[in-house]
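Data block below; observations after.
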Amino acid sequence: MSRGERSQGNVRKTVADAFRLLRHRGPDDHGMMFQLADGRWCEREHELRDDVPLFIGHVRLSILDLSPLGKQPMMTEDGRFRLSFNGEVYNYLELREELRSQGVRFRTDTDSEVVLQAFACWGLACLNRFSGMFAMAIHDDREKKLYLIRDHFGIKPLYYAAAKSGQCFFASELPVMLRSPAVECKADPQRIYDYLIFGDYDSQDETMVEGVLHLPPGHCMTIDTNTGEVIEQQRYWKPDLTRTSSLSFSEAAEALRELFLKNVRLHLRSDVPLGAALSGGVDSSAVTCAIRHLEPDMPLKTFTYVAAGTEVDEEAWADTVIHHVGSKAYKVRIGPRELTDDLDDLIQAQGEPFGSTSIYAQYRVFRLAREAGVTVTLDGQGADEMFAGYMGFPAERLKSLIMAGQVLEAWRFFQATSRWPDRSKADVFKRLVAQFTPACLYPALRSIGRGSVTPPWLNKDWLQEHKLRTNLPVIKEGFQSRYYVREELARQLTRRGLPALLRHGDRNSMRFSIESRVPFLTREMAAFALSLPESYLIDGTGQTKSVFKQAMRGIVPDNILDRRDKVGFATPERQWLEELRPWVEETLHEADCMPCLSKTAMLQTWQEILVGQRDFDWQTWRWLNLIRWVKTFSIRLESTP
């Protein structure tokens with residue numbers, strides 16, 4: 001919270017609410033520093049007043065140096081810089097030695113102190129020397145500036161909002177922001193529309209709450225603490241698409257193997273027990289097997305969601321990895337009734353609506369890890385966006401070939417990629433057409449392929465009153481390249497795709513006071529992956545993540561690497577919702593108080609799904625999630641702008 005006269009509320013109550021709501025993120029300790037009106041800094045709660053110009057708080061989850069010396073906020077010896085830091089910088093040992101060689105003295109063994117001293121020595125230039133995940137606030141008492149900083153990929157969250165009175169509030173989670181005087185509990189109509197129609201969220205600066213914004217990945221915001229005004233918001237890092245590697249395929253695979261193992265080794269630095277989240281897919285299997293490759297004798301626990309007896313069950317694949325690494329396996333099986341029992345807590349943890357019930361399965365995996373005594377987990381998140389996973393971005397690959405004049409090769413690739421189980425010629429062709437379709441024609445294209453942008457269950461009056469855009473949300477910071485797969489990967493890594501997945505993982509893990517680490521997501525890995533020829537990422541047969549799978553030969557079992565039945569982290573959502581039919585219909589009836597939705601049309605659509613007249617998709621969940629979110633947080637959805 002930065003300077004400004006508080007026109008309403010009570011600072012002490014706001015602070016107490018924030019510490020209470022964030023306790024799950026840091027149950028081991030908490031601390032505060034605030035500036036008094038005369039400029040002095042204080043940590044004594046009884047001196048907290050409504051007119052404090054600046055307050056910085058912190059809750060601690062102890063991972064490195066478990067002693068009280070690691071308490072935050074932390075300040076430099078001369079009192080100039082103060083830090084509140086969330087996350088980990090994994091190369092802190094190397095940076096500490098470099099700083100020591102320059103005469104810096106350390107009193108703790110934490111990475112937080114390394115971050116503080118690195119900023120004191122190198123300023124903002126230190127950020128691109130960090131390998132890790134972080135969101136931080138650093139105050140410069142001499143310059144009267146507050147720096148809000150978010151890591152390169154947005155692994156750790158940072159929200160902010162500005163009040164008309166000149167105050168600026170920031171926090172790690174949206175529910176805390178809802179308690180600040182700068183925020184009305186009012187939905188942003190455009191972001192609600194984007195979520196309902198396109199399933200788009202966490203891709204823009206704006207959240208679903210009006211006036212609350214994300215600090216984007218790889219950005220730093222500078223605030224004048226004399227006035228509370230934002231001086232500037234600058235991007236300190238973005239993916240580089242200008243380089244193209246000259247390595248052969250085999251050389252690239254070997255270099256990638258070394259880089260990946262280095263990343264995993266750094267991510268194993270911890271003073272508390274750690275384990276691995278294991279789904280049975282290539283990415284989480286690679287992380288788990290790499291841990292065993294690097295630490296043959298380390299006790300290893302793995303945590304797996306099992307969808308027994310369904311088409312999305314990956315237990316057999318997970319068991320292959322469990323047997324390979326000799327881990328102690330923990331598994332969670334979920335029934336649909338458990339979803340409704342835990343839903344309010346899950347919504348509270350996530351802060352905003354999310355895409356599917358798979359997020360609940362992840363929530364339960366982290367609960368299981370906490371019950372098993374683990375504080376840190378490693379996860380395979382980010383590999384698909386780094387190495388062209390999922391369907392392999394076939395339309396983008398075809399566009400690259402066509403624009404390069406390689407029409408025959410494009411035709412051969414189209415034939416090959418369409419033979420994979422998760423792709424069809426019709427689907428790949430539709431995606432290719434979309435690549436060459438101007439944004440203004442997207443609504444018409446969508447109505448042909450996937451449904452209307454103004455479906456019957458959407459209140460047309462609400463849409464017109466708010467003058468909402470009906471195109472797919474535009475990514476504000478474009479990436480230009482003649483290699484369209486690489487261009488899309490850069491977009492996925494920083495804006496559309498990965499940010500939502502990282503939000504799910506951070507909130508679910510921290511709900512149970514677990515630090516979820518993602519060793520794929522480093523600057524070095526992104527620079528390497530985005531420099532590779534596209535044919536290394538998705539080869540001529542349509543195989544996705546081709547170079548990464550080659551790099552993992554000898555570490556990950558071949559049958560995992562050669563899988564063709566990619567499932568992804570999924571739940572039997574239709575089966576669950578059909579079994580929960582009374583609850584679904586009861587929830588949809590609550591839409592009476594939501595001016596954006598038509599209860600009658602939703603119920604009719606739901607009935608058509610039940611009798612097989614309409615295909616099931618994630619739309620049903622979006623209705624349910626939005627309705628429950630509005631109720632949980634008492635969000636206003638006004639009928640007029």
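Laboratory data are not the source of any read-out in this text; all were calculated from the coordinates shown. Because the structure is predicted, anything quoted here is derived from the model rather than measured. No Cβ is skipped: glycine too gets one built from the backbone with ideal geometry, and neighbour counts run over all protein chains shown.
Going by a ≥ b ≥ c, the root eigenvalues of the Cα gyration tensor, does the range 581-633 fall in the rounded group (a/c under 1.5), the prolate group (a/b larger than b/c) or the oblate group?
prolate
Using the Cα centre of the range 286-363 as the reference point, and only Cβ charges (+1 on K/R, -1 on D/E), how large is the resulting charge dipole? Debye, rounded to the nearest 20. List each step's numbers first, then the result.
Working: 6 positive and 13 negative charges, 67 e Å.
In debye, rounded to 20, the range 286-363 gives about 320.
Which lysines, if any, have their Cα less than 24 Å from the Cα of Lys331, not counting same-chain residues under 8 positions apart?
List returned: Lys301, Lys566.
Determine the alpha carbon to alpha carbon distance for each of Lys186/Lys599; Lys164/Lys460; Lys156/Lys399; Lys460/Lys631; Lys145/Lys467 and list only those over 27 Å.
Values: Lys186/Lys599 21 Å; Lys164/Lys460 32 Å; Lys156/Lys399 34 Å; Lys460/Lys631 23 Å; Lys145/Lys467 38 Å.
Long pairs (Cα-Cα over 27 Å): Lys164/Lys460; Lys156/Lys399; Lys145/Lys467.
Amide H neighbours of Leu597 under 5 Å, at least 5 residues apart or on other chains, H built in the peptide plane: list them.
Asn459
Counting only other residues whose beta carbon sits under 9 Å from that of Asp271, what net charge do I get with K and R as +1, D and E as -1?
Residues close to Asp271 contribute a combined charge of -1.
May I ask for the percentage of alpha-carbon pairs in the chain that lie more than 37 Å from each other?
Everything past 37 Å amounts to 37 percent.
Can you classify the range 121-204 as rounded, prolate or oblate using the Cα gyration tensor, where a ≥ b ≥ c are the square roots of its eigenvalues, rounded means a/c under 1.5, and otherwise it's prolate if a/b beats b/c and oblate if not?
Oblate.
Can you name the helices of the chain, as whole DSSP H runs, whose Cα span along the helix axis is 24 Å or more and whose Kyte-Doolittle mean is not below -1.0? Can you show the working numbers first?
On the way: long enough: 249-267 (27 Å, -0.03).
For the chain, where a helix must reach 24 Å along its axis and average at least -1.0, the hits are 249-267.
Only four residue types carry charge here, +1 at the Cβ of Lys and Arg and -1 at the Cβ of Asp and Glu. Report the dipole size of the chain about the Cα centre in Debye, rounded to the nearest 20. Don't skip to the answer; put the middle values down first.
Values: 82 positive and 87 negative charges, 150 e Å.
Magnitude of the dipole: close to 720 debye.
Using only Cα atoms, locate the centre of the range 295-313 and the centre of the range 249-292, then give the distance between them in Å, rounded to an integer.
16 Å
Which distance in Å, rounded to a whole number, links the C-alpha centroids of the range 329-396 and the range 127-154?
If we compute the Cα centre of each part, the gap is 28 Å.
Which one, Ile359, Gly57, Pro273, is farthest towards the positive end of the dipole of the chain when Lys and Arg carry +1 and Asp and Glu -1 on their Cβ?
Ile359
Per the Kirkwood treatment, what hydrodynamic radius in Å, one decimal, follows for the range 11-235 from the mean inverse distance over all distinct Cα pairs?
18.2 Å
Answer rounded, prolate or oblate for the range 189-229, using the Cα gyration tensor with square roots of eigenvalues a ≥ b ≥ c: rounded when a/c is under 1.5, else prolate when a/b is larger than b/c, else oblate.
It comes out oblate by the Cα gyration axes.
Would you mind ranking Tyr390, Tyr193 by Cβ crowding within 10 Å, fewest neighbours first? Show your work: numbers first, answer last.
Details: Tyr390 15, Tyr193 22.
Neighbour counts put them in this order, fewest first: Tyr390, Tyr193.
What net charge do the residues around Trp317 carry, taking every other residue with its C-beta under 10 Å from that of Trp317, with Lys and Arg at +1 and Asp and Glu at -1?
-4
So how strong a dipole does the range 11-235 carry about its Cα centre when Lys and Arg Cβ are +1 and Asp and Glu Cβ are -1, to the nearest 20 debye?
My answer is approximately 400 debye.
Would you work out which of Cys220, Ile475, Asn128 lies farthest towards the positive end of the dipole of the chain, given +1 charges on the beta-carbon of Lys and Arg and -1 on that of Asp and Glu, about the Cα centre?
Ranked along the dipole, the leading option is Ile475.
Over the chain, what relative contact order in percent results from Cα pairs under 8 Å that are six or more residues apart?
Values: 1129 pairs, mean separation 102.7, N = 641.
Value for the chain: 16 percent.
Hey, can you rank 618-629, 254-265, 400-411 by average C-beta count inside 10 Å, highest first?
Highest mean packing first, the order is 618-629, 254-265, 400-411.
Based on a Kirkwood Rh over C-alpha pairs, give the Stokes-Einstein translational diffusion coefficient of the range 38-117 at 20 °C and viscosity 1.002 mPa s in µm²/s.
Values: Rh = 14.1 Å.
Calculated translational D: 152 µm²/s.
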